[in-house]
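What follows is calculated from the coordinates using simple rules that are stated; it is not laboratory data. Source: prediction; values computed, not measured. For neighbour counting, all protein chains shown are included, and Cβ atoms are generated from backbone atoms with ideal geometry for every residue, glycine included.
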Amino acid sequence: MTLCARACRALRGERSLMPQSMRALVAGKVGEPADVLRLESRPVPTPETGQALIRVKATPIHASDLHVLRGRYGFSPEFPTVGGHMECVGRIEALGPDTEGLKIGERVVAVAVPAVPGPRVAGTWQEYLVADAPTSIRQRSDRSR
């Protein structure tokens with residue numbers, strides 16, 4: 001199904017066409033990433049007011065992400081946790097109620113720097129995530145796909 005067809009159906013409220021589950025790279029506890037990361041199936045999240053559901057196309061692995069999993073960084077998430085806590089690029093698949101400034105189908109970069117106070121992006125090492133609209137930056141259309 002094309003992105004346009006998915007977007008049209010999503011606009012009509014046909015969420016059933018969205019996958020019900022997704023893959024996520026999850027750490028169950030603090031430790032060496034190779035020892036604690038597991039690929040899991042999880043439900044696709046639903047965006048709430050002011051949020052966007054993003055289908056992740058690419059996300060980096062930062063040294064800080066690995067240090068977080070090892071318990072050697074400035075903060076520690078609650079475990080189990082989906083890895084990746086900085087940024088990702090993807091397309092908006094759905095919008096929560098009253099979400100302004102973004103459109104379904106738009107390419108975005110979702111950003112959250114853990115050391116800076118403000119909204120967080122859920123772990124980015126998963127196929128879909130929800131992000132608060134202010135953390136999602138539109139990509140220019142003249143950039144590579």
Q. If you take the beta carbon distance between Glu78 and Val109 as r and set R0 to 25 Å, what does 1/(1 + (r/R0)^6) give as a FRET efficiency, to the nearest 0.05?
A. 0.50
Q) Counting only residues 5 or more places away or on other chains, whose amide H sits under 5 Å from the amide H of Gly123 once H atoms are built in the peptide plane? A) Val82
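Could you work out the relative contact order of the range 12-100, using alpha carbon pairs under 8 angstrom and six or more residues apart, expressed as a whole percent?
Values: 145 pairs, mean separation 31.9, N = 89.
Relative CO of the range 12-100 lands at 36 percent.
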Q | FRET efficiency, 1/(1 + (r/R0)^6) with R0 22 Å, evaluated for Gln20 and Thr49 via beta carbons | A | 0.50
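Pulled fully out, how much extra length does the chain show between Ile61 and Leu39, if you take 0.36 nm times their separation in residues and subtract their Cα-Cα distance?
6.4 nm
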Q. Kirkwood-based Rg over Rh for the range 48-106 (C-alpha set), two decimals?
A. 1.08
Q. Mind checking the dipole of the range 19-99: about its Cα centre, +1 per Lys or Arg Cβ, -1 per Asp or Glu Cβ, Debye to the nearest 20?
A. 240 debye
